[in-house]
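The values are calculated or read from the model by the stated rules, or taken from the named source; none is laboratory data. Values in this document were obtained by computation on a predicted structure and should not be read as measured data. Note that we place each Cβ from the backbone using ideal geometry, even for glycine, and neighbour counts take in every protein chain shown. Accessible surface is based on the protein model in full, side chains and every heavy atom, while ligands, DNA and RNA are left aside. Shrake-Rupley method; radii C 1.70, N 1.55, O 1.52, S 1.80 Å.
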Amino acid sequence: MDDALYREEILEHYKRPHNFGPMETPDRESFDTNPLCGDELRVMLKVDDNDVVEEVRFEGHGCAISQASASMISDEIKGMKLDDLARLDRSAVLDLLGIDISATRMKCALLSLKVLKSAAIGTLADWEPDTVDAARPAGGAQL
Amino acid sequence: MATASQTALAVDFPILGQEGLVYLDSAATSQKPRVVLDALEDFLAHHNANVHRGVYPLAIDADTRFSAGRAQIAAFVGAEPAETIITKNATEAINLVRYSWGPGNVGAGDAIVLTEAEHHSNIVPWQQLCSQVGAELRWLEVDDEGMISLDQLDEFLADGRVKMVAVTHCSNVLGTINPVEEIVARARAAGAASLIDGSQAAPHMPVNVNAIGADFYVWTGHKAYGPTGIGLLHGRRELLEAMPPFLTGGDMIKTVSFDETTFNELPFKFEAGTPPIAEVVALGAAVEFITELGIERVRAHEEAITAYALASLKAVPGITIQGPSLAEQRGGLVSFTLDCAHPHDVAEILGRDQVCVRAGHHCTQPLMKKLGVGATTRASFAVHTSTDDIDALVGSLGRVIDIFGDR
């Protein structure tokens, strides 16, 4: 049995996350939790006069999937306009992770995207479609 | 010797015939023995009709079996059938007490005592009641060994404002078996009512609701080898008779006119609508299954498995085990964290070895905060658990450490 879910790059991001830690006087900030497992994530952004992300930091605790996804996406959004950040969809994170995420772990993978989008729009963003019910079978099939 | 290898009790669970399945999540829900599946099918295939109204033979047959199921369930915990109310789950049983007993007995300035280790189902209803009537919650602290202090309970009870002490019999995270007889006696002496959540206790250790003496004792069928959709509330008759109905509608009435309704006798007064008939019959078979094994023997088996699990897990590098050190102070479950990996990652990797454990906050977020963890991994045991299952768990944890170990 392979351990694709825990491929080396993901473990690397989990063990040594990028952009992890506090930020003083962020311009944008958001916090949310994954109710399924109690993961907590706060993201802080510094943006320039044109609403372009200059700096990003995140804090919190969670599983390897949620921490690695936060680390990976945080590298990607530097230099991105807040409007573009707010329009990202799940593929932005899932493509970075590059592994199959089961339905029950989808919220772990997408928490960072949700919190980043929340920071961008200034209010709490919804979960991506098909992550509301963690028990929904993989593939988006309806119960 | 407590930590010797031990085979499962001689039991037949069809699902455990699945190749390689190691089921260590009975505290979430139990698997179902063949006798329970057979009872469910037999009732639905041969005896099914609605209860309490039919006069044809099939309906009378269904009625008889439903009553017999309730009597078996009541006898299993030493309760009277009339004091045994069928709900949809333990959560609903607690809510019944919160809504029906609560507002008439808890008022502004009063207090309710809970432990820090309660399941959300035994927290949220009381929080809601407190905010409705202006009462306060008092939290019995759990110490490093997962134990509460009776001295602190006495302190809480001293000012006479406590109206309810609601405590789990066995913690679903720490495993701690609370001294419920002493707790109930102290509550009563101070003029407070008591409710014991026996969801993790009733299927696993001898429970006699009369000996415990609580005003209310709740548990659930699906953790006791029965089907989902059935919970139990055992209450003292005087209290139940004084309480107004909870849900209203069919079955719970004596007479209904255009102007008013009179209510049925106990236990039916609290059972509005068609009850879970087949489920009561099947849970009757489930408690019969436990009784035939012998609840003392079940407890001895699960205590031995727990002792073995504690000893085996202690040797895993970087592990922190929650709750009492001694198996005799615990129900059959062990929660733990590993330094190297988040509980969800642990459970995911174990799941690939078909080792089924729970990871998360276990519906005990206040306790998680107290323990200083976001989540734990929990292995829980049943009559079918063997020390081979524990060995599989420990072996699989080795794989977790191989993957995550150098963090």
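Measuring between their Cα centroids, region B:127-153 and region B:11-56 lie 37 Å from each other. The lysines whose alpha-carbon is closer than 24 Å to the alpha-carbon of residue B:370, local same-chain residues fewer than 8 away aside, are B:314.
Inter-chain Cβ neighbour count for B:338-346, averaged per residue, equals 5 (cutoff 10 Å, partner chain atoms only). In summary, the lysines within cross-link reach of residue B:32, defined as a Cα separation below 27 angstrom excluding same-chain residues under 8 places away, comprise B:88, B:223.
Computed from Cα positions, the angle between helix B:180-189 and the longest principal axis of chain B comes to roughly 40 degrees.
So how strong a dipole does region B:39-155 carry about its Cα centre when Lys and Arg Cβ are +1 and Asp and Glu Cβ are -1, to the nearest 20 debye? Provide the component values of the computation, followed by the final result.
Values: 6 positive and 18 negative charges, 195 e Å.
That gives a dipole near 940 debye.
Roughly how tilted is helix A:106-121, in degrees to the nearest 10 and between 0 and 90, from the longest Cα axis of chain A? So the inclination is approximately 20 degrees.
Working from label points 7 Å from Cα in the Cα-to-Cβ sense, the residue A:50 to residue A:24 distance is 2.8 nm. When each of the peptides A:17-23, A:100-106 is scored by the mean number of other C-beta atoms lying within 10 Å of its residues, the order from highest to lowest reads A:100-106, A:17-23. Residues of region A:56-76 falling in the label zone of residue A:40, defined by backbone nitrogen less than 12 Å from a point 7 Å along Cα to beta-carbon, are A:59-62. Once the Cα atoms are used to define both axes, helix B:124-133 deviates from the longest principal axis of chain B by about 50 degrees.
The residue among A:38, A:66, B:162 whose Cα reaches farthest toward the positive pole of the charge dipole of the protein assembly as shown, with charges on the beta-carbon of Lys, Arg, Asp and Glu, is B:162. Computed about its Cα centre, the charge dipole of the protein assembly as shown is approximately 780 debye, with only Lys, Arg, Asp and Glu carrying charge at their Cβ. Chains A and B together bury some 1600 Å² of accessible area, summed over both sides, with a 1.4 Å probe.
With the cut-off at under 13 Å, measuring from each backbone N in region B:307-328 to a point 7 Å along the Cα-to-Cβ line of residue A:61 picks out B:320. Remark on region B:350-380: accessible area falls by at least 50 square angstrom from chain-alone to full-complex state for B:352, probe 1.4 angstrom. Across peptide A:98-104, the average count of Cβ atoms from other chains found within 10 Å of a residue's Cβ is 1.
Each Lys and Arg adds +1 at its Cβ and each Asp and Glu adds -1 at its Cβ; summed about the Cα centre, chain A shows a dipole of about 320 debye. Of all lysines in the structure, the ones whose alpha carbon falls short of 25 Å from that of residue A:78, not counting any fewer than 8 places away in one chain, are A:15, A:46, A:107, A:114, A:117. Site pair residue A:78 and residue B:53 shows an inter-label distance of 7.0 nm when each label is modelled 7 Å from Cα along Cα→Cβ.
How big, in percent, is the set of alpha carbon pairs in region A:4-122 lying more than 20 Å apart? Walk me through the numbers before you get to the answer.
Details: 2411 of 7021 pairs.
The proportion of pairs with Cα distances above 20 Å equals 34 percent.
Given B:235, B:137, B:274, which one lies farthest toward the positive end of the charge dipole of chain B, if we put +1 on the Cβ of every Lys and Arg and -1 on the Cβ of every Asp and Glu? Value computed over the given set: B:274.
The gain in end-to-end length when the residue B:159 to residue B:5 segment is fully stretched comes to 50.4 nm, 0.36 nm per residue minus the alpha carbon separation. I want to make sure I understand the PRE zone here: with the label point 7 angstrom from the Cα of residue B:265 toward its beta carbon, which residues in region B:226-255 have backbone N atoms less than 15 Å away? Within reach of a label on residue B:265, which here means backbone N under 15 Å from a point 7 Å along Cα→Cβ, region B:226-255 contributes B:237-238, B:241, B:252-255.
Here the simple spin-label model places points 7 Å from the Cα toward Cβ, and for residue B:238 and residue B:137 these points are separated by 3.0 nm. Which residue, B:261, B:321, B:5, has the largest displacement toward the positive end of the dipole of chain B when charges sit on each Cβ (Lys, Arg +1; Asp, Glu -1)? Of the candidates, B:261 comes out farthest on the positive side. If the segment from residue B:64 to residue B:151 were pulled out straight at 0.36 nm per residue, it would be longer than the present Cα-Cα gap by 26.5 nm.
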